[in-house]
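Engineer: Once you've had a glance at the structure underneath, I'll fire off some questions.
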Amino acid sequence: MPNSRPDAADMLKGVRGYMENDLLPEMPADKKFNLRVAINMLATVERELRQGPALNAEEAKSLSRLLGHEAPLEQMNEELCALIRDGKVATDDPALRRHLRESIAAALAVNNPKWSQGR
């Protein structure tokens, strides 16, 4: 796809800003909650577009170190789940725990960045 401006994340930011700054203040009280949910969803998608590729690359590196080989990210996640389920990776393994902590922190950075700021 050609490099176009504004990119998808910037377009989402613009729509979200319009909704938050122009529509939300004028919205009847009974509609504000649903609009706020939509605004938050747009913000999450925007963060995923901006941060997702780098976070996925980091997760893939971490999984590759943990599993000892490279493969597509989804495949490595499925393999790790199977190894844990089959008892072939101990749940108290420090490398596993580090990977899980880092993966959860990355997911929260996209899905709920305020959570990690409060910790």
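Nothing in this text is a laboratory measurement; each read-out follows from the coordinates by a stated rule. This is a predicted model, so every value here is computed, not measured. So basically every Cβ, Gly included, is an ideal-geometry build from the backbone, and we count neighbours across all protein chains shown.
Engineer: Name the most mobile residue of 105, 82, 95, meaning the one with the largest mean-square fluctuation, in a Gaussian network model of the chain with Cα contacts below 10 Å.
Structural biologist: 82
Engineer: Rounded to the nearest 10 degrees, what's the angle between the helix 73-85 long axis and the longest principal axis of the chain, both from Cα atoms, 0 to 90?
Structural biologist: Compared with the principal axis, the helix lies near 60 degrees.
Engineer: Let me ask something else about it. Taking only Cα atoms and a 10 Å spring cutoff, compute GNM fluctuations for the chain and point out the largest among 37, 15, 45.
Structural biologist: With Cα springs under 10 Å in the chain, the top fluctuation among 37, 15, 45 is at 37.
Engineer: Modelling each spin label as a point 7 Å along the Cα-to-Cβ direction, I'd like the residue 108/residue 82 distance in nm, to one decimal.
Structural biologist: The answer from the label model is 3.1 nm.
Engineer: Here's something else I'd like to know. By how many degrees, between 0 and 90 and to the nearest 10, does the Cα long axis of helix 8-18 differ from the longest principal axis of the chain?
Structural biologist: Between helix and principal axis, roughly 40 degrees.
Engineer: Working out 0.36 nm times the residue gap between residue 35 and residue 15, then minus their Cα-Cα distance, what length gain in nm do you get to one decimal? The partial results should precede the final answer.
Structural biologist: Details: separation 20, 0.36 × 20 = 7.20 nm, distance 1.22 nm.
Residue separation times 0.36 nm, minus the Cα-Cα distance, leaves 6.0 nm.
Engineer: Next question, about the same structure. Say we join alpha carbon atoms closer than 10 Å with springs in a Gaussian network model of the chain; which of 56, 21, 40 then has the biggest fluctuation?
Structural biologist: Greatest mean-square fluctuation among the candidates belongs to 21.
Engineer: Can you compute the FRET efficiency between residue 75 and residue 4 using 1/(1 + (r/R0)^6), with r the Cβ-Cβ distance and R0 = 30 Å? Round to the nearest 0.05.
Structural biologist: Numbers: r = 32 Å, r/R0 = 1.05.
Efficiency for this residue pair is about 0.45.
Engineer: Can you give the angle from 0 to 90° between the axis of helix 29-67 and the longest principal axis of the chain, with both taken from C-alpha atoms, to the nearest 10?
Structural biologist: That helix lies at roughly 30 degrees to the long axis.
Engineer: If you don't mind, there's one more thing I want to ask. Express the C-alpha Rg of the chain as a ratio against the empirical globular expectation 2.2 N^0.38 Å, rounded to two decimals.
Structural biologist: Taking N as the residue count of the chain, the ratio is 1.40.
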